[in-house]
1. May I ask you to say which residue of S145, S151 is touching a residue at least 40 places away in the same chain (Cβ under 8 Å) and more than 17 Å from A12 (Cα to Cα)?
2. Here is a check on your reading of the model: is K364 of a type in the set (D, E, K, R), part of a helix (DSSP H, G or I) and exposed (fewer than 15 other Cβ atoms within 10 Å of the Cβ)?
3. Please pick out the residue among A375, A414 that is under 30 Å from D359 (Cα atoms) and either open to solvent by less than 10 Å² (accessible area, probe 1.4 Å) or in a helix (DSSP H, G or I) (or both).
4. Given the structure, is L111 in a helix (DSSP H, G or I), out of contact with any strand residue (DSSP E or B) (no Cβ under 8 Å at 6 or more places or on another chain), aliphatic (A, V, I, L, M) and closer than 13 Å to A58 by Cα?
5. Do we find that Q208 is modelled with pLDDT under 90 and open to solvent by 100 Å² or more (accessible area, probe 1.4 Å) in this structure?
6. Give all pairs with beta carbons closer than 8 Å in which a residue from the range 155-175 that is over 17 Å from A25 (Cβ atoms) meets a residue that is part of a helix (DSSP H, G or I) and open to solvent by 100 Å² or more (accessible area, probe 1.4 Å); count only pairs at least 6 apart in sequence or on separate chains.
7. Conditions first: (1) of a type outside the set (K, R); (2) surrounded by 12 or more Cβ atoms within 10 Å (Cβ to Cβ); (3) at pLDDT 90 or above. E301 passes all but one, so which condition is the exception?
Amino acid sequence: MRITVKQQVFLAPATILILLVLLLAFMQYTYWELSTKRQEAKAIGTTFVALAEADMAARRLHLLLRTMQHTGMASPEEMALVSDLYERLFDAIGRLKPFGPLKESGQISQLFTLAEELNPANSPQIEKTAESFARFRTELSTVSSITQMHSNRLRLSHEQDINQLVEHAAIVSISVLILAILLGLAISAYISRRILNRVQSLSRNAVQIADGKLEIPPAPDRIRDELDTLAISINRMTTRLIRVVGTEKLLEGAEEERRRIAMDLHDQSLSDLSTILRGLQNLSVGTEDKTARTKIERLEEDLERAITNLRDIMNNLHPQILDILGLGAAIEAHLEQHCCTDKLPEYHLHIDPQVNNLDLDRLKQLAIYRIAIEAIQNVIKHAAASRYEVNLEMCEKTLVLSVEDNGKGMPDPANRDNGRGLNNISERAKSISAEVIWKPSRFSSGTRFELTLQS
Ligand SMILES: Nc1ncnc2c1ncn2[C@@H]1O[C@H](COP(=O)(O)OP(=O)(O)OP(=O)(O)O)[C@@H](O)[C@H]1O
Ligand SMILES: [Mg+2]
């Protein structure tokens, strides 16, 4: 399963959070149980008040009715008071909340029946009224004592419940908190150690690569998180680096070899040929025979041409001007020496003066020089162009070499001859970490070759 580093980091706090939420749910559940009991206690309180009010109203009503029955007269105020007391009595019974034992017993409906018998509108006789009131109040006191008993029992169990709840809540909270802390610590210790070990190993590998010890670090066989992706990238990066360094060393060796051959040619062959030329010149001066002198002079001319050709070869093997005047001047010298005849396409050269301030090492200069020469050669050989532009310039911090012609354009790779030039350009560019691209030219037709190198 793929778990990102971010998710791994959040695993410990998430576990603690889940445990705390569970604890909260437990507390809520216990409180809810307690609150139903508290509601019952509230109902008992209301019932007590209602019972007291009903009793009081019944007593006053009985007294008033008795007085009225004895005198046999009733003033309108007294009649109004009677009906008001009866209403209050009825209302008080209506407010009785059925709870616990009262729910099923039917005593409340019994009270209602008895209360209806007390209705003064029925104008009962004195004895019957007294009897009804006595029955009603007996029933009231029965309900009251049941309520009292239930209330006592409830108070006792409520106290016990609260004690139990506090005890339970304390034990459960402490246990859950300890568990959450231990679990959080264990998970974060495990994950941080796991991440730290892998980061340390990655940083060791990176330091080794930076120190130049190019050993391919191990790569995980499957990607589980970003660190595995990083390990695979470092592995691939090292493999590519080894390949690039190998190519660079190879090219460096080849350039060194060419320099040595150029020096040998100069010091040995060129000086031998110059000695022979001097010998021939002396010989021609001392020769009286005209025909023989003409032959010697022809030989001198051939030898001078051979010496010029040898100098070209030496320069091609190792362009000395590059060491002396730099990249721009070397390209300019090449164009002037080899690309300036009428039969060849016209060229325009632009060298940005900023390029001279660039601190390019010898190998990079050589690589770019050889790439430029091959790109120019290709224009002359293949493009059938009438003109081309060679630019060497700085675009912010990037060195850009471009050779752009107005020729027929690059054929598709499938229709291209298999030369070594393009391949060499790509290899040389890779060895100095430059990028090369061939794209349509900005002229109406043709090719633009571009090399970019970040300085
Ligand atoms: N500027 C260009 N315009 C048109 N075609 C080009 C241009 N540059 C290269 N090509 C095409 O690319 C092909 C390959 O070029 P590449 O330099 O690799 O080989 P080559 O020049 O034929 O031989 P080599 O460079 O080995 O002497 C050429 O044959 C040519 O068709
Ligand atoms: Mg070529």
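1. None of the other options fit; the residue is S151.
2. no
3. Every option except A375 fails the conditions.
4. Numbers: in a helix (DSSP H, G or I): yes; out of contact with any strand residue (DSSP E or B) (no Cβ under 8 Å at 6 or more places or on another chain): yes; aliphatic (A, V, I, L, M): yes; closer than 13 Å to A58 by Cα: yes.
When the stated conditions are applied, L111 passes them.
5. No: the conditions fail for Q208.
6. Here the result reads H158/R38, each pair linking the range 155-175 to a residue that is part of a helix (DSSP H, G or I) and open to solvent by 100 Å² or more (accessible area, probe 1.4 Å).
7. Here E301 clears every test but (2).
Let's see how each residue does on (1) part of a helix (DSSP H, G or I); (2) open to solvent by 70 Å² or more (accessible area, probe 1.4 Å); (3) polar (S, T, N, Q):
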{"residue": "I223", "(1), (2), (3)": "no, yes, no"}
{"residue": "L227", "(1), (2), (3)": "yes, no, no"}
{"residue": "I234", "(1), (2), (3)": "yes, no, no"}
{"residue": "V245", "(1), (2), (3)": "yes, no, no"}
{"residue": "E248", "(1), (2), (3)": "yes, no, no"}
{"residue": "E255", "(1), (2), (3)": "yes, no, no"}
{"residue": "L273", "(1), (2), (3)": "yes, no, no"}
{"residue": "S284", "(1), (2), (3)": "yes, no, yes"}
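The values are calculated or read from the model by the stated rules, or taken from the named source; none is laboratory data. Computed from a prediction, not measured in an experiment: that's the story for all the values here. Note that we place each Cβ from the backbone using ideal geometry, even for glycine, and neighbour counts take in every protein chain shown. Accessible surface areas use protein heavy atoms only, side chains included; no ligands, DNA or RNA. Shrake-Rupley method; radii C 1.70, N 1.55, O 1.52, S 1.80 Å.
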